[in-house]
Amino acid sequence: MSNSKSGFIAIIGAPNVGKSTLLNQLLGQKIAITSGKPQTTRHRILGVVHQPGAQLIFLDTPGIHRARGALNVRMVEVATKVLADVDLVVFLTDATYPDNPSDEIIIKSLRKRDLPAILAINKVDLVEKEILLPLIEQWQKEYPFRAIVPISALERIQIDELLAEMVAVLPQGPLYYPEDTVTDQPKRFIAAEMIREKVFRLTGEEIPYAVAVTVESFKERPGKDRIDIHATIHVERDSQKGIIVGKHGAMLKRIGERARQDIEHMVGCKVFLKLWVRVQKRWTRDTKAIRRFGY
Ligand SMILES: Nc1nc2c(ncn2[C@@H]2O[C@H](COP(=O)(O)OP(=O)(O)OP(=O)(O)O)[C@@H](O)[C@H]2O)c(=O)[nH]1
Ligand SMILES: [Mg+2]
């Protein structure tokens, strides 16, 4: 066996603390969607960081919280399942939200499994330095963390320090993925996610949670250097469809334009994106429909 280090690392935390932002920052490219609204991530998203003699395989997860509703319950299930199979946990908390009740749920599940964990206190760009030391002391009493690192995922503060702490904890192991692998997610899936991200970012409170996106076709045109994508945005009610389409189709156009730009950046060529909006009544409460949409 070689003396390389490797391991699977779960990024867990309450909704909206910056898990996906951290994953993208660790990878140096965007594979996970992010937004200011909680419950953005719905799948486990894998990303590989390659270092000389080490490979860190990250699993971004949906936010853990006291879930209500079939879709949210499913998402929390996805996140807790990831914990069963990892070498290390990065538990992300939000420095601006120190008494988040969801953090308590997570601490309990760490204790139950006795998992090696590093605590990253995120969004330190938003708080006064003075609050950090008492916060760290408070967290030290909660769990025997291998390290506690204040970071800013968004501003890339102390990310390399966090990486170094993780490498220090990693066991010896093989390099599981080829050096050019960043994720196992197909481009087709990431494209659907980028469309969903624009809906999360551009629409108001209640719309995002009623939305799922499926890609009907993803055709690379050989020689043309262009990809044609047909996708459907599913909502629960006619009124939501109206909002997504917007006046004279203006909202759908904005969603499509921004998603197309992101997808073009990812695939490195021109993209032709055609979007439809479809009503599937009450799908977020229907476990069969939830599964059909890939959750
Ligand atoms: N100021 C600041 N904002 C941050 C930082 N990290 C993340 N954010 C913002 O916090 C919001 C949530 O970020 P996400 O990465 O989507 O959070 P998440 O934990 O993946 O959220 P869920 O997938 O919904 O559980 C976004 O608006 C980010 O831009 C940070 O270090 N500083
Ligand atoms: Mg996320």
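Mind sorting LYS274, LYS30, LYS288, LYS187 by how few other Cβ atoms lie within 10 Å of their own Cβ, fewest first?
Placing the least packed residue first, the sequence is LYS288, LYS274, LYS187, LYS30.
Over the stretch 94-219, what is the relative contact order in whole percent, taking alpha-carbon pairs under 8 Å and six or more residues apart? Relative CO of the stretch 94-219 lands at 19 percent. Packing order of peptides 238-247, 145-154, 10-19, highest average first: 10-19, 145-154, 238-247 (average count of other Cβ atoms within 10 Å over each peptide's residues). Here, the stretch 187-292 yields an orientationally averaged convex hull projection of 6.6 nm² when only Cα atoms define the hull. Measuring between alpha carbons in the structure, the pairs from LYS187/LYS253; LYS19/LYS112; LYS81/LYS253; LYS5/LYS112; LYS37/LYS241 lying more than 31 angstrom apart are LYS81/LYS253. When the inverse distances between all different Cα atoms of the chain are averaged and flipped, the Kirkwood radius reads 20.2 angstrom. Mind jotting down the distance between the C-alpha centroids of the stretch 123-142 and the stretch 4-67, whole Å? Result: 22 Å between the Cα centres. Taking a virtual spin label 7 Å from the Cα of TYR176 along the C-beta vector, which residues in the stretch 33-71 bring their backbone nitrogen under 19 Å of it? The answer is 43-62, whose backbone nitrogens lie closer than 19 Å to the label point. Entry note: the stretch 5-169 has Rg to Rh equal to 0.93, where both radii use alpha-carbon atoms and Rh is the Kirkwood radius. Helix 101-113 axis versus longest C-alpha principal axis of the chain: approximately 60°, rounded to the nearest ten. Reported value for the stretch 108-204: 190 Å³ per residue, from the convex hull of its C-alpha atoms.
The C-alpha atoms of the chain define a longest principal axis, and helix 250-267 lies at about 50 degrees to it. Sorted from greatest to least, the principal axis extents spanned by the alpha carbons of the stretch 97-163 come out as 33, 25, 18 Å.
By how many degrees, between 0 and 90 and to the nearest 10, does the Cα long axis of helix 70-83 differ from the longest principal axis of the chain? With rounding to tens, the tilt is 40 degrees. Pick from ARG156, ARG201, ARG68: which residue has the top mean-square fluctuation in a GNM of the chain where Cα pairs under 10 Å get a spring? Of ARG156, ARG201, ARG68, the most mobile in the Gaussian network model is ARG68. Structural descriptor for the chain: relative contact order 18 percent, calculated from alpha carbon pairs under 8 angstrom and at least 6 residues apart.
Under the criterion of Cα pairs below 8 Å and six or more residues apart, the relative contact order for the stretch 26-159 equals 17 percent. Note on the chain: antiparallel DSSP beta bridges, both residues inside, total approximately 35 percent of the bridges counted. Taking 0.36 nm per residue of sequence separation and removing the Cα-Cα distance, the ARG44/GLU206 pair yields an extension gain of 56.0 nm.
Each value in this text was obtained by applying a stated rule to the coordinates, not by laboratory testing. What you are looking at is a predicted structure, and each value in this text was computed from that prediction instead of being measured. When we count neighbours, we look across all protein chains shown, and the Cβ atoms used for this are built from the backbone with ideal geometry, even at glycine.
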